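Data block below; observations after.
The values are calculated or read from the model by the stated rules, or taken from the named source; none is laboratory data. Since the structure is predicted, the reported quantities are computational estimates derived from the model, not experimental observations. Methodologically, a virtual Cβ is constructed for each residue, glycine included, from the backbone with ideal geometry; neighbour enumeration extends over all protein chains shown.
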């Protein structure tokens, strides 16, 4: 079933407007192309409304935000809402600075994003108004584990219900919930954390997935998480022992490029709670 | 003959000032180094005049333009004109937003660029004042094909004559014209469209080529197009079946790095009309 | 002994705040992860103080500086000083424009960076107030060679003493001095100059090294230089004859990722004067 979401992306080639950080933007663009979507980047307030208008979905990522790009995020978001486009919010570093936390909270409040995707510390910051984010990486103390899985699932369902957004928390175990159901996903490898921007890449790809699958957005968001994790597993299988994180980055994007329905349906490791 | 243009670049190591988008800027820098040039990036209005002064050519790319960088584009462009430096304009996304279309038209009008390089939809937007650009990619309906080649060649010659710029339209078939002659180039592979920024990379490299070949700029622009397409063919020959667009990006830049006069003269596929 | 500095980085995982250019920022982030550190990027004046506060060290790189990011550099720098965090200054393009030269001099004067790392032309610009920088690359006439080594060592010691900063000049021969001692390092390969941003990458990594080794910062800075050069040698050993600068970039970062105490202590080529 997740494979069908992938198929829709490849068939529809959704055009995704990205307002994203300059650290990982090139990888986000290449991942969007690899998965079958089409990327366009624009953050200038005078430019974003026109760009959002010709796109199908909007990906807002607050890493390396600045005063001007924040204005662009709100302008693009309002236009996307008017047009009924899906919006994804990636609250990079929420909890690490007042500006990031407040911007993420305001975007959430005003835009009611279709999906909010972050690590556990960022999502807890949005849920509780403050967090213990260690920079742009999750705090180990927060991590979703087999031991606290029931409580974590309950938390993500509850926050999804309260916020009205699909919530995707990614880490060793990934959780994706719309408030009623929760996908628990166990694809991926720990070495993915040694590559900058795998989270940003997933947010870009997930926006393509929810854009191309308007009638099953929860499944589409979960499918994107599985694709990313599975690509991490496949990419790793092609690594030489002397290779490291830079080559691994390429191999993961390559595996997304090669992914098809059958590979995804066979390799996706998830349960629905 | 195109090989001589390549040789000039490698001998002269032209320093190219790039005002370019933050999506593909790293690849533009590496391609400039790979082809034998030297890149410098600067978009701050207070910085650009000094930087342009020490360079030999200027590459203006309007992807991810903003209010400040637009000011930088005009300031650098005016200075480059005073110094007689060649200017290349890459109108990324012209036709996709009012700001992009108007900025590209104003830059064209005020700077009279030596070369304008874009996809067919962007160039049609500049020629007719409005276009059907699908984001930053060309509209399929606009594509240059064997069927409409005569009309396409007539269009590019006409626009080159009227604008006074060399016009380079890249796609499955590439056209490069100064108004009198038109190179029709058939190098390249369709998979290059699945890598972000091959157009931006070509614009950077082409600026190095026209800078190092002041007496034969049409040939130099055509040579750069052939180098990019041929590198796409050579890079593809080194791909493993499980590799994708991320590795392909590296292999194309590697092939540009390894390209020499003999490889180019043997592999370039063009006719002159 | 340099190996111990590497070990400290891997054990402590220093969080490094980077205000750096958008050309090479992705590679800087991946190199920081590869060497055992953790990167965060932020340049918005309203954001940088909070971000610096949660980090251990600050890396200021003036490539693609703009009015807003310059304000961010000073705000972050002042906060880092209050907190006693080490600061590294990478004066990219000092000597190439008035804005870059003046900004680097003001940052040096106000922040008294722990380390200043640049090429010989940039460092001479800071020492003498003006330079002959050719864009962002060193002028060949300035290069540190075996012939002028005694004079070069004397210059770097003198400038380190006067400035109160550790000075790291990188090129074919690298010099790192605190005013008393000077490491002369001969790792690396000339082909590294054909990759954009190996200097920026080194500055990011060096900030992690001086952050994790507060009691031996000179050794830590020298160790980072050896790691980078040795990774260039190891990465080169894995190159196919048809590969070029794009793949070489990946292989160098991969080699940093794989580097351990033993590899570094065996491969580091330095003398102390």
Number of the condition not met by residue C:217 [criteria: (1) under 18 Å from the mean Cα position of the chain (by Cα); (2) away from chain A (no Cβ under 13 Å); (3) buried (at least 24 other Cβ atoms within 10 Å of the Cβ)]: (3)
Answer from C:209, C:248 - the residue that is in a helix (DSSP H, G or I) and over 15 Å from the mean Cα position of the chain (by Cα): C:248
Verdict on residue B:153 being in contact (Cβ under 8 Å) with a residue 60 or more places away in the chain and either more than 29 Å from residue B:212 (Cα to Cα) or surrounded by fewer than 22 Cβ atoms within 10 Å (Cβ to Cβ) (or both): yes
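Check B:229, B:204, B:235, B:199 and return the single one that is facing another protein chain (nearest Cβ under 10 Å), outside any loop (DSSP other than H, G, I, E, B) and touching a residue at least 12 places away in the same chain (Cβ under 8 Å).
Step by step, each of B:229, B:204, B:235, B:199 is checked, and only B:235 is facing another protein chain (nearest Cβ under 10 Å), outside any loop (DSSP other than H, G, I, E, B) and touching a residue at least 12 places away in the same chain (Cβ under 8 Å).
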Flag if residue A:99 is assigned to a helix (DSSP H, G or I), more than 14 Å from the chain's Cα centre (by Cα), away from every other protein chain (no Cβ under 13 Å) and modelled with pLDDT of 95 or more: no
Matching residues, the range C:168-196, being within 14 Å of another protein chain (Cβ to nearest Cβ), touching a residue at least 60 places away in the same chain (Cβ under 8 Å) and touching a strand residue (DSSP E or B) at 6+ places or on another chain (Cβ under 9 Å): C:196
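Would you pick out the residues in the range A:249-273 that are within 14 Å of chain C (Cβ to nearest Cβ) and in contact with a helix residue (DSSP H, G or I) (Cβ under 6 Å, 6 or more places away or on another chain)? Spell out the reasoning first.
Within the range A:249-273, the subset within 14 Å of chain C (Cβ to nearest Cβ) is A:249-254.
Passing the criteria: A:250, A:251, A:252, A:253, A:254.
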Where residue C:34 falls short, out of the listed (1) touching a helix residue (DSSP H, G or I) at 6+ places or on another chain (Cβ under 7 Å); (2) in a helix (DSSP H, G or I); (3) more than 7 Å from every other protein chain (Cβ to nearest Cβ): (3)
Meets criteria (outside any helix (DSSP H, G or I), out of contact with any strand residue (DSSP E or B) (no Cβ under 6 Å at 6 or more places or on another chain) and surrounded by 24 or more Cβ atoms within 10 Å (Cβ to Cβ)) for residue C:88: no
Scope the range A:182-196; condition surrounded by 20 or more Cβ atoms within 10 Å (Cβ to Cβ) and part of a helix (DSSP H, G or I); matching residues: A:192
Any chance residue B:107 is farther than 28 Å from residue B:73 by Cβ and surrounded by 14 or more Cβ atoms within 10 Å (Cβ to Cβ): no
Output for the range A:3-31, where each listed residue is in contact with a strand residue (DSSP E or B) (Cβ under 8 Å, 6 or more places away or on another chain), facing another protein chain (nearest Cβ under 7 Å) and in a helix (DSSP H, G or I): A:25, A:29
Residue list for the range C:227-246, restricted to those being surrounded by 24 or more Cβ atoms within 10 Å (Cβ to Cβ) and over 28 Å from residue C:178 (Cβ atoms): C:235, C:244, C:246
Residue under evaluation residue A:47, criteria (1) more than 8 Å from chain B (Cβ to nearest Cβ); (2) assigned to a helix (DSSP H, G or I); (3) crowded, with 24+ Cβ neighbours inside 10 Å, criterion not met: (1)
Criterion (more than 9 Å from every other protein chain (Cβ to nearest Cβ) and either surrounded by fewer than 24 Cβ atoms within 10 Å (Cβ to Cβ) or more than 25 Å from residue A:214 (Cα to Cα) (or both)) met by exactly one of A:80, A:75: A:75
Check on residue A:53, in contact with a strand residue (DSSP E or B) (Cβ under 6 Å, 6 or more places away or on another chain), modelled with pLDDT of 95 or more and either surrounded by fewer than 24 Cβ atoms within 10 Å (Cβ to Cβ) or within 29 Å of residue A:249 (Cα to Cα) (or both): no
Residue satisfying all of: in the range C:109-137; at pLDDT below 95 and away from chain B (no Cβ under 13 Å); nearest to residue C:93 (Cα to Cα) among these: C:129
Residue match in the range A:56-67 (condition: away from chain B (no Cβ under 14 Å) and assigned to a helix (DSSP H, G or I)): no
Residues located in the range C:212-226, provided they are assigned to a helix (DSSP H, G or I) and either out of contact with any helix residue (DSSP H, G or I) (no Cβ under 9 Å at 6 or more places or on another chain) or under 17 Å from residue C:183 (Cβ atoms) (or both): C:217, C:218, C:219, C:220, C:221, C:222, C:223, C:224, C:225, C:226
